[in-house]
Every structure is written in structure tokens, then in C-alpha cells.
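Data block below; observations after.
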Amino acid sequence: MSDNTSKSYDDNDAEELLEDVEKNLRKKVTVAIVGKVSTGKSSLLNALFSKPKDDQLAVVGAVSGVTTKVKRFQLGKNVEIMDSPGLGDIIEDNSNETKLAMGDIDVGVLVVVDAADASQKAHYDELKTYCKKVFVVLNKVDMFDKKKSSLEKVTAQWAELLKLDDDEKIYQTCADGYDPDFDDDIELDIRGVDVLKQDILKFLKKHGKDLILERELEKKSVLAKRVIYSSLAGVAGAAFIPGSAVYITGIQGAAIMSIHYIYTGEVLSKQSAIAALPLFASQSIGSNLFLVAKSFLPPTGIVDVAAAGVAAGVTIAMLSTVNWIYENDYNLDNKTELKERYSFFYNALKDIGLKEVWTIISTRDREKIMELISRFVK
Ligand SMILES: Nc1nc2c(ncn2[C@@H]2O[C@H](COP(=O)(O)OP(=O)(O)O)[C@@H](O)[C@H]2O)c(=O)[nH]1
Ligand SMILES: [Mg+2]
């Protein structure tokens with residue numbers, strides 16, 4: 001039982017956590033962006049991936065390919081984006097080895113502009129069939145800057161035409177400025193893209209796939225900090241539940257897997273993550289979760305604030321070390337650097353005071369906890 005209501009952890013919970021994280025990191029994300037030529041699909045992709053004008057992901061203003069209407073972009077190893085006027089072309093695209101089945105695509109984005117246009121209903125329905133989730137985007141909202149009331153009318157018309165459910169919204173965006181024909185001093189005008197991005201990530205999180213896409217979207221250290229934050233939240237939640245010592249060790253191993261993935265794009269197996277843990281212990285203890293846990297924490301688990309402080313301190317020092325290792329182009333095999341950095345961080349935490357560290361963690365105050373993490377991860 002790994003939900004909050006469980007009264008105790010057994011050793012399987014840690015194993016399961018590690019298995020889940022490994023499984024999630026092996027997943028792939030596919031995105032289909034569909035819409036008429038010139039609706040701003042390429043521009044929107046550039047905006048979603050925070051691309052500057054001079055380093056575009058998708059070329060804006062380019063006419064549809066001659067041999068195939070489908071353009072494919074690979075981001076890292078595990079994110080595929082398909083860009084096409086309609087999904088029909090994607091389904092027929094013969095460069096697609098396996099035929100697409102229902103729900104095969106994770107995220108569908110239908111990009112529309114201007115007044116509601118009945119031809120897009122079929123594209124929307126097709127996306128609904130093949131995608132787990134469809135986001136409808138009304139792009140070029142800057143065209144309504146001088147007629148704001150029309151924007152809401154047009155949005156409502158699109159919602160009606162596409163027969164959207166009440167809980168489905170239309171994202172209003174602007175992704176202007178990527179056109180290579182524009183003067184150099186024209187700045188990008190990006191609006192509404194962040195809301196869309198956050199909702200896509202929120203959706204992917206439900207499928208355990210958010211980190212796969214985020215890796216291609218966000219600065220690595222920012223993601224590592226978030227992983228450390230979630231791990232600390234996990235430690236705080238688990239601390240006083242019987243059997244938590246091994247579970248907390250599992251949380252640490254899982255976070256090492258995530259940070260490894262963030263920096264390398266590769267999946268560290270559950271076994272390798274567990275094998276890395278003893279590197280942070282003072283004496284040699286072998287690669288067994290229980291023994292590792294015992295080396296950090298009392299065998300009976302966390303019984304008091306002092307032990308909780310140790311658990312939190314070890315977690316921060318360990319994960320900040322793993323971040324530091326990758327940021328400085330080392331890897332988990334660089335044992336000397338790893339051990340040195342770990343004791344440096346752990347001593348710094350002891351200087352703050354492990355009870356004080358625990359006090360900060362147990363506030364569950366995101367800002368304060370992030371501030372603490374930022375002392376170790378820049
Ligand atoms: N005004 C305005 N123009 C845009 C916007 N997004 C894209 N464009 C322009 O629309 C044209 C086509 O954009 P592009 O991204 O190539 O569209 P695609 O054919 O759907 O990939 C280019 O001139 C873009 O600069 C927007 O939000 N507002
Ligand atoms: Mg394009």
C-alpha cells in the first residue's frame with residue numbers, strides 16, 4: 001500500500017515505487033499538431049519549446065513538404081511531434097512503421113484561427129479518436145486586439161461547432177514574430193502558450209509521462225530541483241509511518257533515476273539506482289535497500305524528529321550530489337568526487353542543523369523548501 005492512508009510500509013512498497021518510476025521513464029510521448037496551413041502550427045511549436053527567433057524548431061512560413069504533408073520532429077529520444085494539416089495524412093504516412101490505433105497519440109493539438117470553419121470538425125473528431133487528449137487552440141488572438149468582444153464570440157462559435165464538453169476549453173494563443181521575413185528588431189509576441197503547456201503537462205502527469213516532455217522543455221537544474229522537492233515532500237509524508245526507512249530509501253533511489261534521466265535522457269535501471277545508494281553511506285554495506293536504509297536510520301524506522309532530520313538531510317545531500325555530478329560532467333562511477341561532494345553537502349546541512357532542516361521540510365511551504373534546495377542546486 002503506497003497511498004497516504006496506509007498505516008505501515010513493507011519492503012515491497014519501495015520496490016514498487018522504483019519499478020513504477022523506471023516504467024514511466026521508459027515511456028514515450030507523441031504529440032500531433034493539426035491545422036490548416038498558415039494557422040501558426042510551426043510558430044506555436046517554437047513558442048511551446050521556448051525557442052528564440054534564430055534557433056527555431058519548426059520553420060515558420062515554410063510551405064508543406066512536397067513528398068509528404070507530415071513533418072516529424074524528434075526531441076531527445078522519447079518525444080515525437082507530428083505536424084500536419086490533418087491526421088488523415090499522419091495515419092496514411094508510410095514512414096510510420098506501425099499503423100496508428102485508437103488512443104496511440106498522447107496529445108493532439110488542433111490549431112484554428114479566425115471564424116469557426118466547419119471543415120475542422122472532422123479533423124477534431126479524428127484527433128479525438130487517435131489521441132488520449134485533444135487541446136483546441138485558437139491562435140493569432142492578436143488579430144482581435146482591436147475587437148476584443150469578437151474574440152469571445154468566435155471562441156464560443158468554435159466550441160459549439162466542435163461540440164466541446166463543458167469541461168473542455170479553447171486555448172487562446174498568440175505565437176507571432178517567428179516569420180523569417182520579419183525585421184530583425186521585431187520581438188516575439190507570445191501569449192497563452194504557458195497555460196497550454198502547463199495543462200498538457202498536467203495531463204501527461206496522469207500517465208506518468210510529464211518528465212519525458214518536461215526534459216525537452218525546461219532547464220535541467222530546474223527539473224532536478226523539482227524532483228528533490230517532491231522527494232522531500234515524500235519523505236515528510238512517509239516519515240513517521242512504521243516501516244518508512246526502507247520506503248524513504250526507495251524515494252531516494254527513484255529520485256536518482258529521475259535526475260539521471262533529466263541529464264542523460266537514459267533510464268537507470270532499478271538495480272543500478274539501488275546499487276548507487278551505498279555510495280552515500282559511510283561504510284560499505286552492499287546493495288540492499290534494507291541495509292542501506294539501516295545505515296542512515298534507526299532499524300525501527302523514524303521515531304523522532306532527530307531521525308526525521310537525518311532522513312531529510314541525507315535526501316537533500318544525496319540528490320544535490322547527484323545533480324552536481326551530472327552538472328559537472330561526472331557520472332555515478334566517479335566515486336571519489338561523489339563521496340567528497342556528498343560529505344561537503346551533508347556537513348553544510350549539519351551546520352544549518354538537521355532539526356532545523358526538518359522544521360523547514362515539515363512546514364510543507366514550497367517557497368521555503370525551494371530556498372533550502374537552492375543552496376545546493378543552483
Ligand atoms: N498575427 C499573427 N501571426 C502569426 C501568429 N502565429 C503565426 N503567425 C504567422 O502566420 C504565418 C504562418 O505561420 P506558421 O507557423 O508557418 O504556420 P503553419 O503553416 O501552420 O506552420 C507566419 O507568417 C507566422 O509569422 C500569431 O499568433 N499572430
Ligand atoms: Mg508549419
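The values are calculated or read from the model by the stated rules, or taken from the named source; none is laboratory data. As the structure is a prediction and not an experimental result, all values here were calculated from the model. All Cβ positions, glycine included, derive from the backbone under ideal geometry; neighbour counts span all protein chains shown. For the accessible areas, the whole protein counts, side chains as well, though only heavy atoms, and no ligand, DNA or RNA atoms are used. Shrake-Rupley method; radii C 1.70, N 1.55, O 1.52, S 1.80 Å.
Ligands, DNA and RNA excluded, the heavy atoms of residue 342 present near 20 Å² of accessible surface to a 1.4 Å solvent probe.
Determine the dipole magnitude for the chain: charges of +1 sit on the beta-carbon of Lys and Arg, -1 on that of Asp and Glu, nothing else is charged, the reference point is the Cα centre, and the result goes in debye to the nearest 20. Intermediate values should be presented prior to the final figure.
Numbers: 48 positive and 57 negative charges, 144 e Å.
It comes to approximately 700 debye.
For segment 29-206, state the semi-axes of the equivalent ellipsoid (square roots of 5 times the eigenvalues of the alpha-carbon gyration tensor), sorted largest first and rounded to whole angstrom.
23, 21, 15
Rolled with a 1.4 Å probe across the full set of protein chains, the surface gives residue 221 an accessible area near 10 Å². Segment 325-378 and segment 108-136 have Cα centres lying 46 Å from one another.
Roughly how many Å² is the accessible area per residue of segment 29-206, as a whole number, for a 1.4 Å probe? Don't skip to the answer; put the middle values down first.
On the way: 9200 Å² over 178 residues.
About 52 Å² of surface per residue is accessible.
Using a probe radius of 1.4 angstrom, the carbon and sulfur fraction of the accessible surface of segment 29-206 is 51%. Derived scalar couplings between HN and Hα for segment 25-36 equal 5, 8, 7, 10, 10, 10, 10, 10, 10, 10, x, 4 Hz in order, rounded to whole Hz, by the Karplus curve 6.51 cos²θ - 1.76 cosθ + 1.60 (θ = phi - 60°), x for Gly and Pro. Over the C-alpha atoms of segment 232-276, the Rg to Rh ratio, Rh being the Kirkwood estimate, stands at 1.05. Over the chain, with a Gaussian network built from C-alpha contacts below 10 Å, which listed residue (161, 297, 338) shows the highest mean-square fluctuation? Per the Cα network of the chain with a 10 Å cutoff, 161 tops the list. Summary value for segment 136-237: 20 percent relative contact order, contacts being C-alpha pairs under 8 angstrom separated by 6+ residues.
Suppose we keep just the DSSP beta bridges with both residues in segment 29-206; what percent of those would be antiparallel, to 5?
30
Select from 367, 218, 80 the residue whose mean-square fluctuation is largest in a Gaussian network model of the chain (Cα-Cα springs shorter than 10 Å). Comparing 367, 218, 80 in the GNM, the peak value goes to 367. Farthest toward the positive end of the dipole of segment 90-236, out of 90, 170, 151, is the Cα of 170, where the dipole comes from beta carbon charges about the Cα centre. The amide H of residue 33, built 1.01 Å from its N in the peptide plane, has 82, 83, 84, 109 as neighbours under 5 Å, considering only residues 5 or more places off or on other chains. In the chain, one over the average inverse separation of all distinct C-alpha pairs is 23.0 Å, which is the Kirkwood hydrodynamic radius. Remark: segment 299-378 carries a charge dipole of roughly 140 debye about the Cα centre, counting +1 on each Lys and Arg Cβ and -1 on each Asp and Glu Cβ. Only Lys, Arg, Asp and Glu carry charge here, each on its Cβ (+1 for the first two, -1 for the last two); on that basis segment 249-363 has a dipole of about 320 debye about its Cα centre.
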